[in-house]
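Below is one structure, written out as structure tokens; the observations come after it.
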Amino acid sequence: MGIAFLRPHRYFHANCLSENMGNVQLGGAKDIWYKIAKYNENEQAPQEIELYKKMLNIFHVGDFYYFIFNCSIAQVEWASSSITKILGIDSPEDFTLEFILDHIHPDDLPYFLDFENQVTSFFNRLPADKVLKYKVSYDYRMRRKDGTYIRILQQALTIQTNEKGAVIRVLDVHTDISHLKKENGSTLSFIGLDGEPSIIDYANSKEFSTYKSRLTRKEKEIIRLLAQGKTSHEIADILFISKNTVDTHRKNMLKKTKCRSMIELTMMCMKDNTILAPVGSLLFLLIG
């Protein structure tokens, strides 16, 4: 009798402990976004948000979904219907902050929270007129409903602020880049819009990145074709140049950017989409 009583009691205690730990983690995570919103109360969404959603709906160029996150209340306010296919969930309404924190790979969650803290510090130091001029980019693994993981490139753009420079609402685009990146870990990048400088690797970069100014127009064309899965032979035929010329351009690009591989260079260019528009990021070219 005692054993029968103790087993459910231990199970109940373990569940309570797990739930309490989850609540502590959720509370700490929410405070990150309360800080970036500078503890402003919830504000009405501007009409421009409907325009952003419609603009994204025009482009069906790959596996991506997008959503609007309200930092002032730390809630996902709206998510696109494409999220059901990519994550395998039943409804966009199931995509909440709690869902995100619970489905990020356990090894990636610490740096996700660390990056978000760094994002908050970065934006809180910006002048109010610069808040709308930076996009945030990094990647991590997200668990689908069937238990498999995909690698998500997260790109976030502030779409509502106030006179104090508080970040109220953010438009996030999540692109499945599992086919492009296999290794774990990520770097945090801030992409400048409207002529603002970019920081491609925030943790290790002492100076603003200028690599894109060193790439020629031909090299940028080759990067775009490589990202589409073209081989050097195919690129040579498309651009009416020899394969040896393509290979020389590839070596020069790696040397200029100090990248170790073309995959690393492609990922860098996806984050800075003034060179390469990643799947699902065409909106940023329009409003940036």
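Scanning region 93-103 for residues that are in contact with a helix residue (DSSP H, G or I) (Cβ under 7 Å, 6 or more places away or on another chain) and modelled with pLDDT of 95 or more returns a single hit, Phe95. Scanning region 183-194 for residues that are without any contact (Cβ under 8 Å) to a residue 60 or more places away in the chain and under 20 Å from Leu132 (Cβ atoms) yields a single hit, Gly192. The residue that is nearest to Ser121 (Cα to Cα), among those in region 200-222 that are modelled with pLDDT of 85 or more and β-branched (Val, Ile, Thr), is Thr216. Whenever a residue of region 63-78 is more than 14 Å from Gln155 (Cα to Cα), its partners that are among the hydrophobic types (A, V, I, L, M, F, W, C) and surrounded by fewer than 18 Cβ atoms within 10 Å (Cβ to Cβ), lying with C-beta atoms within less than 7 angstrom and at least six residues away or across chains, give the pairs Ala74/Leu97; Gln75/Leu97; Val76/Leu97. Residues that are of a type outside the set (S, T, N, Q) and in a loop (DSSP other than H, G, I, E, B) within region 129-154 comprise Arg144, Lys145, Asp146, Gly147, listed in sequence order. From the list Leu276, Leu225, Leu188, exactly one residue is on the phi < 0 side of the Ramachandran plot, outside the structural domain of Leu132 (by TED's automatic domain parsing) and at pLDDT 80 or above. Which is it? Leu225 is the lone residue from the list that is on the phi < 0 side of the Ramachandran plot, outside the structural domain of Leu132 (by TED's automatic domain parsing) and at pLDDT 80 or above. Tell me, which residue of region 118-168 that is touching a helix residue (DSSP H, G or I) at 6+ places or on another chain (Cβ under 6 Å) and of a type in the set (S, T, N, Q) is surrounded by the most Cβ atoms within 10 Å (Cβ to Cβ)? Ranking the candidates gives Ser137 first.
For region 249-264, state whether one or more residues are polar (S, T, N, Q), within 26 Å of Ser178 (Cα to Cα) and modelled with pLDDT under 80. Yes.
Does at least one position in region 157-164 carry a residue that is in a loop (DSSP other than H, G, I, E, B) and free of Cβ contacts under 8 Å to residues at least 40 places away in the same chain? Taking every residue of region 157-164 in turn, at least one turns out to be in a loop (DSSP other than H, G, I, E, B) and free of Cβ contacts under 8 Å to residues at least 40 places away in the same chain. Under the condition of being in contact with a helix residue (DSSP H, G or I) (Cβ under 7 Å, 6 or more places away or on another chain), of a type outside the set (A, V, I, L, M) and either in a loop (DSSP other than H, G, I, E, B) or at pLDDT below 90 (or both), the residues counted in region 53-84 number 5.
So, in region 177-198, exactly how many residues are surrounded by 20 or more Cβ atoms within 10 Å (Cβ to Cβ) and outside any loop (DSSP other than H, G, I, E, B)?
Let us first name the residues in region 177-198 that are surrounded by 20 or more Cβ atoms within 10 Å (Cβ to Cβ), namely 177, 186, 188-191, 198.
Now drop any that are not outside any loop (DSSP other than H, G, I, E, B), which leaves 189-191, 198.
So the count comes out to 4.
Starting from residues that are assigned to a loop (DSSP other than H, G, I, E, B) and touching a residue at least 60 places away in the same chain (Cβ under 8 Å), keep the ones in region 85-117 and report whichever is farthest from Gln155 (Cα to Cα).
Start the filter on region 85-117 by keeping residues that are assigned to a loop (DSSP other than H, G, I, E, B), which leaves 88-91, 95-96, 105-108.
Within this subset, residues satisfying the condition of being touching a residue at least 60 places away in the same chain (Cβ under 8 Å) are 107-108.
Details: Asp107: 20, Asp108: 16 Å.
Among residues in region 85-117 that are assigned to a loop (DSSP other than H, G, I, E, B) and touching a residue at least 60 places away in the same chain (Cβ under 8 Å), the one farthest from Gln155 (Cα to Cα) is Asp107.
The values are calculated or read from the model by the stated rules, or taken from the named source; none is laboratory data. From a predicted model like this one, the values you see are computed outputs, not experimental measurements. In this analysis, Cβ positions are derived from the backbone assuming ideal geometry, glycine residues included, and neighbour counts consider all displayed protein chains.
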